[in-house]
1. Using the structure shown, list the pairs from K187/K234; K128/K234; K187/K300; K128/K272 with a Cα-Cα distance above 20 Å, or answer none.
2. Tell me, what is the per residue accessible area of segment 205-253 in Å², probe radius 1.4 Å?
Amino acid sequence: MVGPRRRAARRVLGAALALTAGAALAACSSPHTAPVASTTHSDQRSPAVPSSRPLPNQTSPNQRPPTPRPSSRAATPPSTIWHPSPGLTWQWQLTEPVDTTVDAQVYDIDGADNSTDVVATLHAADRKVICYVNTGAYESFRADAGRFPTSVLGSPNGWPGERWLDIRQWRVLRPIMAARFADCASKGFDAVEADNVDGYENDSGFPLTAADQLTYNRMLAALAHDDHLAIGLKNDVDQVPDLLPDFDFAIDEQCVEYAECGQLAPFTAAGKAVFHVEYSLPLSEFCPQTAPLHFSSMKKNTALDAPRWPCP
């Protein structure tokens, strides 16, 4: 039986990037008891190798893909899509069954493994619910795995049964992701967490570029909004300046440990939530750093099971 979905691969940062976070603020004490630190994984990213010639389905760095697919619904005013504001409390559980009793305003759960009933239960408790979807990597254990042609399957991304996708072939991937987002919408989810949207910074097996990633990520944002869903930018901190207008919030792992929280500050400055977790650092080390940025921060086990230790 395949284990639960975990977090995306992380890059090893150089000293120069680490300097952008600034000096750590004074540590604070916490009434919460932190769990025993779990072992995390770290994948070395390789610099993107530019393609010698563009593929037929590639676009230029400044060109967005056309509207991903026509919608049968009426045009949706931006006000009808959920816009999570900074400071909301959240729970991130990608194991099953979901503990629906956690005192958090926002839940992030697996979209394929959870039913309409789970979403309805959370809504009845006045929770907003985010639908986890792996948009940048193939998963052999998903029901729609047979829809992915072998031409889009790249290198393993470090998790069992997963391989990076060739996002340059966004025309091939678009209907697959559209169906996944539509499933989230049909179950009543309020938003989508699009995971693994930074393949260009990893050893994907393809010569992906930053421009390829921008095109693909903007396509995902358009698909989500077409289904009346908000969408969160996951970990792709280097492209925040370009993607901030397209995404409604951010989800980040270990921005304190990897010295990149400052790159996410434009989200909260724009009134958009940043849902943040650390795995190995104590609350007293990261909470004082993210509180001034108005991040929704907590500590989690790497299994992303029910326990959580939020910042006070």
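The values are calculated or read from the model by the stated rules, or taken from the named source; none is laboratory data. Note that this is a predicted model, so its numbers are computed, not measured. The accessibility values were calculated without ligands, DNA or RNA, using every heavy atom of the protein model including side chains. Shrake-Rupley method; radii C 1.70, N 1.55, O 1.52, S 1.80 Å.
1. Working: K187/K234 22 Å; K128/K234 18 Å; K187/K300 26 Å; K128/K272 15 Å.
Check vs 20 Å cut-off fails for K187/K234; K187/K300.
2. For segment 205-253, the per-residue accessible area is 19 Å².
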